[in-house]
Protein chains: 2
Amino acid sequence: MDIAELGERGLIARLGRFFGQAPHILVPGGDDAAVVAPGSGALVATTDLLFEDVHFGDRTTGPFDVGWRSAAANLSDLAAMGAAPFGMLVGLGLSPGTSVEWVEAFYEGFTACSAPVGALLLGGDTCRAKSRTVAVTALGTVDPRRILRRNAARPGDALVVTGHLGASRAGLAVLLEAERYAHLGSPVREAVVAAHRRPKPRLEVPPLVFALSGRAAAMDTSDGLTDAIAQVCAQSGCGAVVDLAVLPIDAATAQVAGKQAIAWALGGGEDYELLIALEPGAAVQLVERLAAIGIGGAIVGRAVAGDRVVDTEDRPLAAPGFEHFNRP
Amino acid sequence: MDIAELGERGLIARLGRFFGQAPHILVPGGDDAAVVAPGSGALVATTDLLFEDVHFGDRTTGPFDVGWRSAAANLSDLAAMGAAPFGMLVGLGLSPGTSVEWVEAFYEGFTACSAPVGALLLGGDTCRAKSRTVAVTALGTVDPRRILRRNAARPGDALVVTGHLGASRAGLAVLLEAERYAHLGSPVREAVVAAHRRPKPRLEVPPLVFALSGRAAAMDTSDGLTDAIAQVCAQSGCGAVVDLAVLPIDAATAQVAGKQAIAWALGGGEDYELLIALEPGAAVQLVERLAAIGIGGAIVGRAVAGDRVVDTEDRPLAAPGFEHFNRP
């Protein structure tokens, strides 16, 4: 069924089942605004816009995955601040030809990613648009003494990356050029496609960090590792040396990426891993604990004095992150 | 200058001056997320999406006014819950040809509407889009015993509307058909155009309501008065009788609207006034106090048993509010 047939109010009624219900939600979706008692701590808030044909497309991402990824991108920002999520708001711009099934599958993917980690759907807005648009706001709380800022790195810190890098970019490559990668086994293709479609925000990681160190800087790698290192260094007033030989790249990504593996690990983006700068002894233990809980990760370099971000042969890390306004 | 020349990071740097600075903002914009200590009370959150050529257009609304209106629309939702705002998040989708001046004027209008009422800019997101898109999230706090819900109207309540109705629709008419209304004096035209471009969220009103009554229902009239009454009645399980002869329509709107005045007051939308249902004695006092502070308002009808929303001659109020998915 087309959304124009159902109408806005009919659609909102159909979507009611996705709204969160919990004692701390005092007024759920359906009033002028949601009211929630978020509990103790400071409030953490972030918002993101995603557009069809810029951030997602029917060719690579069905509605369930658009929902999942748009929730994950925002939850990853909360993880990068050390926050625990409690609520989500979503604005959906829909072209009139959009089917009700598309919208419901979007909400299924959105809540499949967010509700299990405590981020309940609080409210939303649906309206007419030329092309599909997703606006997500994620809300969380954080102990003000345990905020993971970008500006807290110090020369001498080790740089830890959680999980693996480049897998989302490899998944996109397989989705865009299926024939080119058809010779690879389907487990390889499925692994990288899953990384692209269903990234997992690293909300478990900040508590591990603060159990080991009272100070740490962090940023997510949504725009690539190079971008994350550059931003943490710029805000912290330091430089970094990165060892490209030890970037965590899994076997499936390596097979798909071939010679591009390091470039995709550095600049592919949309991995939603965390870059964390902390004291080296704590970093070693953090990597052990990340391995123990099945996330994995690696020490990829160290913060140094100065402002240059280079590899171990003193070459600037040039691979750019995703700059949204670059002309194609 | 074109935003593509400046780049995303250059643009973000230029926009830094718009971010709020206050002791309760623990981490301002520029990190993965904003962190704020909102103070006591429950958290109120709402989000809205606005699209160029659906909700605004260059022909009728310059960038300052797009910013103002998008802030006002969300602050109006907070007012309708009885909340006091403390923060805003804004996502901007920009076509590559957009000028930096457009973006800065947008932020000037956005903060001119929001900062004076305590809603500081906490964070944002700018990215490439086919056409300009604005996603706003407004955050506020409310005493949980003083939440203005839509479902709290009771048969016998008076229905109060703040300010005047139809003025925004009249302003749009003047902007779209300048020649048709050229014969009216410029003060008339300017008054309705200002109402369209710079609506004022009624954040002063909820404290007046609760000073007079422990119970009230409210909704804003962003989609028209008929829509607001219908929704409050549906959620409260009551009907309403509306006296069309007493709708608050100012002289400028009446001149522009002519025979359409009542239709525009009922269904024009985007007035961002509040509909409030409360006990009749308190309603009389509320209207007096609204007059005393220069907002104005009127008792336009009463809630009744049943589920019908009719005028004083028992005719259903048919003028529809803005249904976003209706085909043109």
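The values are calculated or read from the model by the stated rules, or taken from the named source; none is laboratory data. Source: prediction; values computed, not measured. Because the Cβ atoms are built from the backbone with ideal geometry, glycine has one as well, and the counts that use them run over all protein chains shown. Just the protein is used for accessible areas: all its heavy atoms, side chains included, with ligands, DNA and RNA removed. Shrake-Rupley method; radii C 1.70, N 1.55, O 1.52, S 1.80 Å.
Among the residues of A:45-58, the average count of other protein chain beta-carbon atoms within 10 Å of the residue beta-carbon is 6.
Taking amide hydrogens as modeled 1.01 Å from N in the peptide plane, which residues meet the under 5 Å criterion relative to residue B:128, leaving out close sequence neighbours? Residues meeting the criterion, in which the H sits 1.01 Å from N, are B:94. Annotation: the antiparallel percentage among DSSP beta bridges lying fully within chain A is about 75.
Take the Cβ-Cβ distance between residue A:234 and residue B:5 as r, set R0 to 25 Å, and report the resulting FRET efficiency rounded to the nearest 0.05. That gives a FRET efficiency of 0.75. Count Lys and Arg as plus one, Asp and Glu as minus one, and take only other residues whose Cβ is under 15 Å from that of residue A:309; the net charge is then -3. Taking Cα centre as origin and charging only the Cβ of basic (Lys, Arg, +1) and acidic (Asp, Glu, -1) residues, the dipole magnitude of region A:150-311 rounds to 120 debye. Check cross-link reach from residue B:259 to the lysines: straight Cα distance under 27 Å, and skip same-chain residues fewer than eight apart. Those lysines meeting the cut-off are B:200. Within the set of other residues whose C-beta is less than 14 Å from the C-beta of residue B:205, count the net charge using Lys and Arg as +1 and Asp and Glu as -1. Once positives and negatives cancel, what remains is -3. Farthest toward the positive end of the dipole of chain B, out of B:110, B:222, B:131, is the Cα of B:222, where the dipole comes from beta carbon charges about the Cα centre.
Projecting the Cα atoms of B:212, A:47, B:236 onto the charge dipole of the protein assembly as shown, computed from C-beta unit charges around the Cα centre, puts B:212 farthest toward the positive end. Comparing Cα centroids, region A:228-267 and region B:15-67 end up 33 angstrom apart. Taking the helices alone, the protein assembly as shown has a mean residue ellipticity at 222 nm of -11000 deg cm²/dmol, built from -39,500 (n - 2.57) per DSSP H run of at least 4 residues and averaged over all its residues. The slack in the chain from residue B:305 to residue B:37, taken as 0.36 nm per residue of separation less the alpha-carbon distance, amounts to 92.1 nm. Counted by Cβ distance under 12 Å from residue B:1, the other residues give a net charge of -3, where Lys and Arg count +1 and Asp and Glu count -1. Spread over its residues, the convex hull of the C-alpha atoms of region B:3-146 is 97 Å³ per residue. Annotation: for a label point projected 7 angstrom from Cα along Cα→Cβ of residue B:145, residues of region B:205-224 with backbone N closer than 18 Å are B:206-217. Once C-alpha pairs closer than 8 Å and six or more residues apart are averaged by separation and normalised to the residue number of region B:3-146, the relative contact order reads 38 percent. Put a plus charge on the Cβ of each Lys and Arg, a minus charge on the Cβ of each Asp and Glu, and nothing anywhere else: the dipole of region B:157-244 about its Cα centre is then about 240 debye. Whole-percent P(r), chain A, all Cα pairs, 10 Å bins from 0: 6, 26, 32, 24, 11, 2, 0. Label point of residue B:177 (7 Å along Cα→beta-carbon): distances to the other copies' equivalent points are 5.7 nm, sorted ascending. In the calculated pair-distance distribution of the protein assembly as shown, the portion above 44 angstrom amounts to 23 percent of the Cα-Cα pairs.
Each other copy holds its own label point for residue B:12; taking that point as 7 Å from Cα along Cα to Cβ, the gaps run 3.4 nm, nearest first. With N counted as the residues of region A:181-239, its alpha-carbon radius of gyration over 2.2 N^0.38 Å works out to 1.58. Between the alpha-carbon centers of region A:81-122 and region B:285-306, tell me the distance in whole angstrom. Going from one Cα centre to the other spans 38 Å. The calculated FRET efficiency for the pair residue A:53 and residue A:251, based on their C-beta separation and a Förster distance of 25 Å, comes to about 0.20. Working from Cα pairs under 8 Å separated by at least six residues, relative contact order for region A:150-311 is 46 percent. Cross-link reach is defined here as a Cα-Cα straight distance under 21 Å, omitting same-chain residues fewer than 8 places apart; for residue A:130 the lysines meeting it are B:130. Each peptide in A:302-310, B:102-110, B:218-226 was scored by the mean count of other Cβ atoms within 10 Å over its residues; highest first, the order is B:218-226, B:102-110, A:302-310.
Taken about its Cα centre, chain B carries a charge dipole of about 420 debye when Lys and Arg each add +1 at the Cβ and Asp and Glu each add -1 at the Cβ. Peptide packing for B:288-301, B:57-70 was compared via the average number of neighbouring C-beta atoms within 10 Å per residue; ordered from the highest value, the list is B:57-70, B:288-301.
Once the 1.4 Å probe is applied to the protein heavy atoms, the protein assembly as shown comes out at 37 Å² accessible per residue. Here region B:218-252 is scanned for amide nitrogen atoms under 13 Å from the site 7 Å beyond the Cα of residue B:313 along Cα-to-Cβ, giving B:244-245.
With N counted as the residues of region B:150-311, its alpha-carbon radius of gyration over 2.2 N^0.38 Å works out to 1.02. Of the solvent-accessible surface of region A:95-169, computed with a 1.4 Å probe over protein heavy atoms with every protein chain present, carbon and sulfur atoms account for 48 percent.
Please work out how much length the chain gains when fully extended from residue A:263 to residue A:21, using 0.36 nm per residue of separation minus the C-alpha to C-alpha distance, in nm with one decimal.
This chain segment gains 82.7 nm when fully extended.
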